[in-house]
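Novice: Okay, handing you the structure first.
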Number of protein chains: 2
Amino acid sequence: MTTSSILFEQWATVHQQRAEQALASALPAADTPPQRLHAAMRYAVLGGGKRVRALLSYAAAELVGAPASSADAAAVAVELIHAFSLVHDDMPCMDDDDLRRGKPSCHKQYGDATALLVGDALQALAFQCLAETAAAQALTQVQILAQATGSRGMCGGQDIDLQSTGQLLTRDALETMHQYKTGALIRAAALLGAYAADHTQEQHIQLLDQYSQNMGLAFQVVDDILDATADTQTLGKTAGKDALQEKSTYVSLLGIDEAKALVKTLYEQSLQSLAGFGPQADSLRGIARFICERPF
Amino acid sequence: MTTSSILFEQWATVHQQRAEQALASALPAADTPPQRLHAAMRYAVLGGGKRVRALLSYAAAELVGAPASSADAAAVAVELIHAFSLVHDDMPCMDDDDLRRGKPSCHKQYGDATALLVGDALQALAFQCLAETAAAQALTQVQILAQATGSRGMCGGQDIDLQSTGQLLTRDALETMHQYKTGALIRAAALLGAYAADHTQEQHIQLLDQYSQNMGLAFQVVDDILDATADTQTLGKTAGKDALQEKSTYVSLLGIDEAKALVKTLYEQSLQSLAGFGPQADSLRGIARFICERPF
């Protein structure tokens with residue numbers, strides 16, 4: 001392991017814990033009424049996940065020179081949106097998945113009706129957290145997150161995914177779907193971190209945009225590779241689902257080798273976006289490596 | 001009919017149409033990809049509903065002297081949240097209702113998975129609309145709406161409702177449930193309208209708070225009365241559901257006569273909150289009468 005890998009691992013551990021604590025504080029306590037709903041919300045969010053989106057927010061804040069404390073709300077908000085999407089995605093009418101982060105998914109543990117409300121309430125809480133900071137650019141953050149979440153973002157991508165199951169997608173159509181489904185929130189995570197500062201330079205936003213577009217796509221290609229190659233225990237969620245559901249993936253479209261080559265290209269492109277920066281971009285570089293090295 | 005009733009009816013018609021047009025503009029066009037999701041979102045929101053929440057936003061804006069145009073985003077946002085809650089509430093895992101506003105409910109028309117995404121995307125759009133105004137107090141509006149929507153608001157109330165079906169609730173417990181389930185969004189509708197102004201006096205907020213607390217409760221008691229007495233065609237949704245589902249209601253708890261007496265008391269109290277105001281409170285008075293007169 002190189003020195004920079006070790007440093008990034010330390011940084012990631014510190015900031016994963018930071019995100020976990022911020023999430024634990026942002027979520028209502030399990031003894032606040034309605035208790036069962038709050039317990040289910042905490043169950044769905046806490047104690048699992050790599051917190052890649054939160055790390056992106058913290059790393060983007062570093063890039064623009066904002067302290068981690070200013071990016072806590074951004075980190076919390078993007079993780080809450082991600083958690084809500086997982087809860088709804090796992091429900092019987094969607095992907096019908098019983099396992100999430102190595103434990104029963106929310107609807108298996110609390111029932112479908114509560115899971116539906118958990119997702120709804122987590123989404124609302126995400127916007128509440130951003131708005132309550134009253135930070136200089138909080139309204140821009142709300143705008144970006146709402147767009148990334150809605151019908152021209154994550155929800156839209158899930159709908160395209162639903163409509164195209166069992167169909168053979170072209171590579172362009174697959175890329176569009178993932179830009180909505182995963183890419184939009186990855187991009188929002190980075191931008192929200194940058195807008196945690198009191199002022200943000202347009203140039204920083206443009207570079208983060210490029211970086212996160214590559215990362216969003218890489219993240220999805222890696223997910224497809226892992227779904228085809230790793231086992232359920234390693235993943236903490238059901239493996240081999242894509243093939244079973246006859247979904248078009250980068251693996252089904254390109255084969256494993258070409259999919260891996262694509263990840264390498266996307267990794268290199270993401271580093272190029274950061275070429276003009278010094279150490280303040282090291283955490284973003286580390287995240288790129290972390291995302292792209294998973295299947296190798 | 002009195003002159004003030006006729007004037008209010010005219011005002012209500014104008015502002016219902018205004019809300020309808022604002023909603024139609026805020027929702028993505030049905031030919032914007034993903035088309036099916038956007039068509040389903042428009043289906044769930046447009047062409048129906050009394051738009052009571054939008055009217056409250058416009059009327060509260062009038063109270064504080066803000067033009068209707070400044071309250072469009074508030075009116076849209078509260079109606080989108082309300083529509084999202086109806087879509088999710090009608091789903092098989094919740095109330096399992098096939099009929100809404102006189103037509104098949106969203107999941108009957110588009111399937112459960114799309115209905116789930118429709119609700120999620122409508123919620124995100126509500127916050128996007130508020131944030132995009134970039135109005136002076138938009139961040140406060142986001143905060144209020146998020147809190148009213150989430151686990152200590154509407155979603156929390158629905159969870160309490162789920163947990164208490166088949167149980168005999170005390171009147172206090174019933175009131176708490178409805179304060180969350182219906183009252184929170186009614187209150188938010190009024191406050192968002194008041195915060196559409198560039199500046200809002202604390203005194204106006206306090207009076208609107210009292211007014212809307214009475215109105216929220218009255219609205220629910222009236223709903224319970226109508227569910228027990230009106231037929232499905234009149235309601236545009238399934239009638240007699242509460243008794244069928246063994247839900248505690250104001251009618252089951254108090255009987256029809258006492259429930260009607262309660263509506264009258266709440267109506268009088270809501271007028272008292274507005275006693276210090278002249279004609280700028282007339283629309284709020286009209287809404288109170290409109291809500292409270294429905295079952296008589």
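Novice: Under 8 Å for C-alpha pairs, at least 6 residues apart: give me the relative contact order for chain A, rounded to a whole percent. Before the final figure, lay out the partial values.
Specialist: Values: 438 pairs, mean separation 60.9, N = 296.
Contact order relative to length: 21 percent.
Novice: Let me ask you something else. Averaged over A:34-43, how many beta carbons belonging to a partner chain fall within 10 Å of each residue's beta carbon?
Specialist: Mean inter-chain Cβ contacts per residue within 10 Å come to 4.
Novice: While we're on this one: Within 11 Å, Cβ to Cβ, of A:Leu162, how many net charges do the neighbouring residues add up to if Lys/Arg are +1 and Asp/Glu are -1?
Specialist: -2
Novice: Could you give the DSSP H helices of chain B that reach 18 angstrom or more along their long axis (alpha carbon positions) and whose average Kyte-Doolittle hydropathy is no lower than 1.0?
Specialist: B:72-89
Novice: From zero outward in steps of 5 Å, how is the percent of C-alpha pairs of region A:3-290 spread across the bins?
Specialist: Percent of pairs per bin, in order: 1, 6, 12, 17, 19, 18, 14, 9, 4, 1, 0.
Novice: Still on this model: Go ahead and estimate [θ] at 222 nm for chain A from helices alone: -39,500 (n - 2.57) per DSSP H run with n ≥ 4, summed, over the residue count, rounded to 500.
Specialist: Theoretical 222 nm ellipticity from helices: -22000 deg cm²/dmol.
Novice: Follow-up question, since we're still on this one. Which number comes out as Rg/Rh for the protein assembly as shown once both Rg and the Kirkwood Rh are worked out on C-alpha atoms? Write out the running numbers ahead of the final one.
Specialist: Numbers: Rg = 24.5 Å, Rh = 24.8 Å.
Dividing the radius of gyration by the Kirkwood radius yields 0.99.
Novice: If I model region B:1-72 as equal point scatterers sitting on the Cα atoms and use the Debye formula, what is log10 I(q)/I(0) at q = 0.14, 0.25, 0.26 Å⁻¹?
Specialist: Reported log10 I(q)/I(0), two decimals: -0.53, -1.09, -1.14.
Novice: Need one value for A:128-139: mean number of C-beta atoms belonging to other chains within 10 Å of its residues' C-beta atoms.
Specialist: Whole-number average of other-chain Cβ neighbours for A:128-139 is 5.
Novice: Please compute the alpha carbon radius of gyration of region B:31-85, then divide it by the globular-protein estimate 2.2 N^0.38 Å. Two decimals is fine.
Specialist: Relative to the 2.2 N^0.38 Å estimate, region B:31-85 comes out at 1.32.
Novice: Sort shortest first the distances from A:Gly48 to its counterpart in every other copy, using label points 7 Å along the Cα-to-beta-carbon line, and give them in nm.
Specialist: Listed shortest first, these distances are 3.6 nm.
Novice: Further, regarding this structure: Charges at C-beta only: +1 for Lys and Arg, -1 for Asp and Glu. How large is the resulting dipole of region B:3-290 about its Cα centre, in Debye rounded to 20?
Specialist: 400
Novice: Treat the count of other C-beta atoms within 10 Å as a stand-in for reagent exposure and order A:Asp159, A:Asp224 from fewest to most.
Specialist: Final ranking by Cβ density, sparse to dense: A:Asp224, A:Asp159.
Novice: Peptides B:79-88, B:166-175, A:258-267, A:103-112: what's the order by average Cβ count within 10 Å, highest mean first?
Specialist: B:79-88, A:103-112, A:258-267, B:166-175
Novice: What's the Kirkwood radius of region B:97-226 in Å, using all Cα pairs?
Specialist: Taking the inverse mean of 1/r over all distinct Cα pairs, region B:97-226 comes out at 16.4 Å.
Novice: If you don't mind, another one. Counting only other chains, what is the mean number of Cβ atoms within 10 angstrom of the Cβ of each residue in peptide B:153-165?
Specialist: Working: counts 3, 4, 13, 8, 3, 8, 15, 4, 3, 8, 6, 0, 0.
The per-residue average across the peptide is 6.
Novice: Also, I was wondering about something else. Which value in Å is the Kirkwood Rh of region A:245-296 over different Cα pairs?
Specialist: Numbers: mean 1/r = 0.0813 Å⁻¹.
Computed over Cα pairs of region A:245-296, the Kirkwood hydrodynamic radius comes out at 12.3 Å.
Novice: Now a separate question. Would you work out which of B:Leu80, B:Thr165, A:Ala194 lies farthest towards the positive end of the dipole of the protein assembly as shown? Charges go on Cβ: Lys and Arg +1, Asp and Glu -1.
Specialist: Result: A:Ala194, furthest along the dipole toward the positive end.
Where a number appears in this text, it was derived from the coordinates with a stated rule and is not lab data. Keep in mind the model is a prediction, meaning the values are calculated, not measured. All Cβ positions, glycine included, derive from the backbone under ideal geometry; neighbour counts span all protein chains shown.
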